[in-house]
């Protein structure tokens, strides 16, 4: 029994997902959940439960995220998120925004951890989110909020950059290709 548990743990993947607002991080995470059986968790979900009174408001989440980041509480946010990851199941972690997020997941999950950077043009990201932000200026303000300032630095740490500029099927095929590079058979 203990060797089986050890084998399951060794086969588990923890995929961190980062990228700009509207790049497709959530689409990737939900795809990993629905098609590959990953447990899906978002930093914003943990942050919302811990710090905000209005979990549906992106503005409040960005403000709470900035308070955590600027207040030196990023480690605690990571501790709370990591505590929710099952040691036996592959996991997709959506919304890394800070090098501390990468460092904590990388240190905790070692060779089981891989970072994906989801990339998309400003124009496509705006098209995807124009229903959420009534005006382009509001989208740009959200995209340039201080809590978003470190995302670019995570690109260099990524195992793979997934360009999301086509159909959902194209995005999913790219994710499958990355999984096949990580583990033959797609990590299922």
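Per the conditions (1) crowded, with 17+ Cβ neighbours inside 10 Å; (2) over 19 Å from residue 32 (Cβ atoms), the sole criterion not satisfied by residue 144 is (1).
Conditions (1) surrounded by 15 or more Cβ atoms within 10 Å (Cβ to Cβ); (2) farther than 30 Å from residue 12 by Cβ; (3) out of contact with any strand residue (DSSP E or B) (no Cβ under 7 Å at 6 or more places or on another chain), marked per residue:
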site: 106; (1), (2), (3): yes, no, no
site: 109; (1), (2), (3): yes, no, no
site: 113; (1), (2), (3): yes, no, no
site: 116; (1), (2), (3): yes, no, no
site: 136; (1), (2), (3): no, yes, yes
site: 139; (1), (2), (3): yes, yes, yes
site: 154; (1), (2), (3): yes, no, no
site: 157; (1), (2), (3): yes, no, no
site: 172; (1), (2), (3): yes, no, yes
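Which residue is nearest to residue 44 (Cα to Cα), if the candidates are limited to segment 80-115 and must be more than 15 Å from the chain's Cα centre (by Cα) and without any contact (Cβ under 8 Å) to a residue 12 or more places away in the chain? Out of the qualifying residues, it is 83. Of the residues making up segment 149-166, those that are in contact with a helix residue (DSSP H, G or I) (Cβ under 8 Å, 6 or more places away or on another chain) and assigned to a helix (DSSP H, G or I) are 153, 154. Being modelled with pLDDT under 95, surrounded by 17 or more Cβ atoms within 10 Å (Cβ to Cβ) and more than 21 Å from residue 142 (Cβ to Cβ) holds for only one residue in 12, 4, and it is 12.
Quick grid of which residues meet (1) outside any helix (DSSP H, G or I); (2) more than 17 Å from residue 29 (Cα to Cα); (3) at pLDDT 95 or above; (4) in contact with a helix residue (DSSP H, G or I) (Cβ under 6 Å, 6 or more places away or on another chain):
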| position | (1), (2), (3), (4) |
| --- | --- |
| 54 | yes, yes, no, yes |
| 62 | no, yes, no, yes |
| 65 | no, yes, no, yes |
| 118 | yes, no, yes, yes |
| 133 | yes, yes, no, yes |
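The values are calculated or read from the model by the stated rules, or taken from the named source; none is laboratory data. The shown structure was predicted, so the numbers you read here are calculated from the model rather than taken from an experiment. In this analysis, Cβ positions are derived from the backbone assuming ideal geometry, glycine residues included, and neighbour counts consider all displayed protein chains.
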